[in-house]
Amino acid sequence: MKTIEELIRSNRDFFEDGEPSEGHFERFSRQLERKFRTTTIKRSIVPYLLKAAVVTLLVTLSSLWTWDHFIRPSRNRMALGDVSPQYKEVENYYMYQVKLMESEISDVEMINGIEQQEMLKQEIESMDSVYVQLQKELKANPDDERIINAMIEHYQTKLEVMTFIVNQLKAIRNENKNTTEDEKVSM
């Protein structure tokens with residue numbers, strides 16, 4: 001058997017002058033593509049968009065479910081405004097007055113500052129916890145006038161206490177101003 005080297009030497013003229021047959025390069029390219037799969041695969045964006053839409057929908061629904069079952073605080077409570085439109089007006093009036101008093105309390109400078117503000121905040125929160133309990137009782141018995149009256153009295157008492165606190169803070173502030181002015185005059 002002849003070796004490859006002998007075959008090439010004996011047919012040297014054929015290898016130097018000969019051209020590959022027509023379509024050789026196209027067939028060779030197709031074989032390479034088939035072997036290495038270099039053809040581009042066209043992919044649609046639609047499946048990715050559908051997946052993104054499904055994920056977004058699931059996140060939204062799970063957030064709403066969590067809000068409804070765990071976060072929403074008023075689910076087991078009932079406000080005065082839920083009983084009748086007249087009580088809603090009463091509740092809105094007292095809520096507005098309480099907000100005004102809260103802003104006045106925060107405007108008045110306190111002697112010990114943060115310590116007194118924290119103590120006052122805790123007292124107001126304890127008053128609010130009583131109101132939350134009344135709201136729960138109203139949810140259980142929406143037609144009970146005693147609960148409705150207790151809620152209104154709670155607002156009145158809260159306003160009275162807050163007014164007393166504001167007046168006391170203003171009096172203390174005025175006393176401090178007077179003593180500092182007296183000290184300045186005596187110097």
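Taking region 108-160 only, how many residues are without any contact (Cβ under 8 Å) to a residue 40 or more places away in the chain and over 30 Å from residue 175 (Cβ atoms)?
18
I need a count of the residues in region 144-186 that are surrounded by 12 or more Cβ atoms within 10 Å (Cβ to Cβ), among the small types (Gly, Ala, Ser) and modelled with pLDDT under 85.
Residues that pass the stated criteria total 0.
The values are calculated or read from the model by the stated rules, or taken from the named source; none is laboratory data. Computed from a predicted model, the values in this text were never measured in an experiment. Cβ coordinates were reconstructed from backbone atoms using ideal geometry, including for glycine residues, and neighbour counts include every protein chain displayed.
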